[in-house]
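A.B. asks: Here it is, the structure, as structure tokens.
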Amino acid sequence: MRVNPLKKSIWVFHLNTGSCNACDIEILDALTPYFDVERFGIKLVASPRHADLVLLTGPITRKTLPKVINALRAVPRPRYILAIGACAVGGGIWYDTYSVIGGVEELKKMLEENGIEIDKIVYVPGCPARPEAIIYGVAVLLGLVEQKVHGEVKIAE
Amino acid sequence: MSLKKLLKPFKLISIAHKSGVVTVLYPYQKPLITTEFRGKISIDATKCMGCGACVNACPPNALTLSRRDDTIVLNYFIGRCIFCGRCAEVCPVGAITVTHEFELASASTRDLNESLVHRVEKCSGCGGGLGATSRMLQYVILRSPASENYVHLCPNCRKKKLIQSLAMKMGARTEDYEG
Ligand code: SF4
Ligand code: SF4
Ligand code: SF4
């Protein structure tokens, strides 16, 4: 019988890929007793091998790219990524800079080339994303809440 | 020394008792949102005229303007927005408001795009594309009423009109142009 790991507590690994540290501070904030994500069974682990979910911050600089790929390869299946902050989602303010690859969208293509499958990615916009937004992102990933934003096309009459 | 060590847990308990529970029960308890808090922006489709001032001001190019045939599309990619509010500051018609919305997590980047489609006006002389929306023309006329005579013409037709009126002044006849 296959156990769905997301029915159990999820363990998270914090992966900084060259962020400005504001998003990381917000993640730490979410882990403190003030927001206390251990209420939901979310626990920080020190190794990607123990993690269900990778909290990825930063626009993925070229310097960190090999390490990011190694870390993601070490995560057991199913692999989940929470892309936190404008940087991780779309490259943020650095999206066309020479030294970054420009967010998780680009990383996804590279991972596919390397044969690393990612089962689900949830994007959390914000610069930085608030701790509540991160908690909400995890809830969207777990399917506990419906996502609120839906792309829309409006016509100016 | 050892007595001090023994008493430490009790000291901690008394400190914890004094400070009480600090945890915010987020989904059940309202998060702290001040009036200055900036979340996602919202573009009013009834006001925006597609001028692109916000696109110039946007630091990460979360707002982009693209021209396709006879439409101008203003696209807002929430994923790259840094919620700085500069667009709301520069918009000449106040079409952009900064909302308090921050629960924006999404399973695909496609859901993070919002577009606003404008129709481009046609030149009243030759019928070609004018590169401006009707709201832009109205805005210009409101600021400078004298422009009403030529604002609906494309640059080429404006040139023609100018040359024509100069020639008329110098004695040419209307038939020369209508033939
Ligand atoms: S999204 Fe903003 S706050 Fe987060 S790492 Fe990037 S620049 Fe820093
Ligand atoms: S600045 Fe205002 S009017 Fe101009 S394109 Fe942006 S939202 Fe529309
Ligand atoms: S709030 Fe800032 S980053 Fe977001 S669309 Fe407006 S100008 Fe761009």
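A.B. asks: Condition (residue is under 14 Å from the mean Cα position of the chain (by Cα) and not hydrophobic (A, V, I, L, M, F, W, C)) applied to segment A:135-144: is it met by at least one residue?
C.D. replies: yes
A.B. asks: Also: Of the residues in segment B:49-83, how many are more than 9 Å from chain A (Cβ to nearest Cβ), out of contact with any Leu (no Cβ under 7 Å at 6 or more places or on another chain) and in a helix (DSSP H, G or I)?
C.D. replies: The total comes to 3.
A.B. asks: Yes or no: segment A:11-24 includes at least one residue that is surrounded by 20 or more Cβ atoms within 10 Å (Cβ to Cβ), in a helix (DSSP H, G or I), within 12 Å of chain B (Cβ to nearest Cβ) and not basic (Lys, Arg).
C.D. replies: yes
Table: residues versus (1) farther than 21 Å from A:Glu152 by Cβ; (2) modelled with pLDDT under 90.
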| site | (1), (2) |
| --- | --- |
| B:Met1 | yes, yes |
| B:Lys5 | yes, yes |
| B:Ala16 | yes, yes |
| B:Leu32 | yes, yes |
| B:Ile41 | no, no |
| B:Asn56 | yes, no |
| B:Thr64 | no, no |
| B:Arg68 | no, yes |
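A.B. asks: Next question, about the same structure. Considering A:Tyr123, A:Tyr80, which residue is more than 7 Å from chain B (Cβ to nearest Cβ), touching a strand residue (DSSP E or B) at 6+ places or on another chain (Cβ under 6 Å) and among the aromatic types (Phe, Trp, Tyr)?
C.D. replies: Exactly one residue qualifies, and that residue is A:Tyr80.
A.B. asks: While we're here: Kindly establish whether A:Val145 is within 16 Å of ligand 1 (Cβ to nearest atom) and not in a helix (DSSP H, G or I). Steps first, answer last, please.
C.D. replies: Details: within 16 Å of ligand 1 (Cβ to nearest atom): no; not in a helix (DSSP H, G or I): yes.
So A:Val145 does not fit the description; no.
A.B. asks: Within segment B:87-110, is even one residue outside any strand (DSSP E or B), within 16 Å of ligand 1 (Cβ to nearest atom) and among the aromatic types (Phe, Trp, Tyr)?
C.D. replies: Scanning segment B:87-110, I find at least one residue that is outside any strand (DSSP E or B), within 16 Å of ligand 1 (Cβ to nearest atom) and among the aromatic types (Phe, Trp, Tyr), so the answer is yes.
A.B. asks: Related question: Of all residues in segment B:94-115, which are within 15 Å of ligand 3 (Cβ to nearest atom) and either at pLDDT 95 or above or hydrophobic (A, V, I, L, M, F, W, C) (or both)?
C.D. replies: B:Ala95, B:Ile96, B:Val98, B:Phe102, B:Leu104, B:Leu112, listed by residue number.
A.B. asks: Pull out all pairs, ordered by first then second residue, where Cβ-Cβ is under 7 Å, the residues are six or more apart or on different chains, the first lies in segment A:52-74 and is under 20 Å from A:Trp94 (Cβ atoms), and the second is of a type in the set (Phe, Trp, Tyr) and within 16 Å of ligand 3 (Cβ to nearest atom).
C.D. replies: Cβ pairs passing all conditions: A:Pro59/A:Trp94.
A.B. asks: Sticking with this structure for a sec: Before we move on, is A:Ile116 at negative phi, assigned to a loop (DSSP other than H, G, I, E, B), touching a helix residue (DSSP H, G or I) at 6+ places or on another chain (Cβ under 9 Å) and surrounded by fewer than 23 Cβ atoms within 10 Å (Cβ to Cβ)? Give the derivation first.
C.D. replies: Details: at negative phi: yes; assigned to a loop (DSSP other than H, G, I, E, B): yes; touching a helix residue (DSSP H, G or I) at 6+ places or on another chain (Cβ under 9 Å): yes; surrounded by fewer than 23 Cβ atoms within 10 Å (Cβ to Cβ): yes.
So A:Ile116 passes the test.
A.B. asks: Moving to a separate point now. Of the residues B:Gly94, B:Gly85, B:Gly50, only one is within 22 Å of A:Gly92 (Cα to Cα), among the small types (Gly, Ala, Ser) and touching a residue at least 24 places away in the same chain (Cβ under 8 Å); which?
C.D. replies: Going through B:Gly94, B:Gly85, B:Gly50 in turn, the sole match is B:Gly85.
A.B. asks: Take B:Ser14 and decide whether it is among the hydroxyl-bearing types (Ser, Thr, Tyr), more than 8 Å from chain A (Cβ to nearest Cβ) and either assigned to a helix (DSSP H, G or I) or more than 16 Å from ligand 2 (Cβ to nearest atom) (or both).
C.D. replies: Yes, satisfied.
A.B. asks: Another one. Hey, among the residues in segment B:70-82 that are more than 10 Å from ligand 3 (Cβ to nearest atom) and without any contact (Cβ under 8 Å) to a residue 60 or more places away in the chain, which one's surrounded by the fewest Cβ atoms within 10 Å (Cβ to Cβ)?
C.D. replies: So the residue we want is B:Asp70.
A.B. asks: Quick check on segment B:106-126: of everything there that is of a type in the set (S, T, N, Q) and out of contact with any helix residue (DSSP H, G or I) (no Cβ under 9 Å at 6 or more places or on another chain), which residue is nearest to the other protein chains (Cβ to nearest Cβ)? Working first, answer last.
C.D. replies: Taking segment B:106-126 and keeping what is of a type in the set (S, T, N, Q), we get B:106, B:108-109, B:113, B:115, B:124.
Retained after the next criterion (residues that are out of contact with any helix residue (DSSP H, G or I) (no Cβ under 9 Å at 6 or more places or on another chain)): B:108, B:115.
Values: B:Ser108: 8, B:Ser115: 5 Å.
Per the stated criteria, the residue is B:Ser115.
A.B. asks: Moving on to the next point. Give me a count of the residues in segment B:141-163 that are in contact (Cβ under 8 Å) with a residue 12 or more places away in the chain and surrounded by 14 or more Cβ atoms within 10 Å (Cβ to Cβ).
C.D. replies: 7
A.B. asks: Condition test on A:Tyr136, is it within 8 Å of chain B (Cβ to nearest Cβ), within 16 Å of ligand 3 (Cβ to nearest atom) and hydroxyl-bearing (Ser, Thr, Tyr)?
C.D. replies: No; evaluated as a whole, the condition is false for this residue.
The values are calculated or read from the model by the stated rules, or taken from the named source; none is laboratory data. What you are looking at is a predicted structure, and each value in this text was computed from that prediction instead of being measured. When we count neighbours, we look across all protein chains shown, and the Cβ atoms used for this are built from the backbone with ideal geometry, even at glycine.
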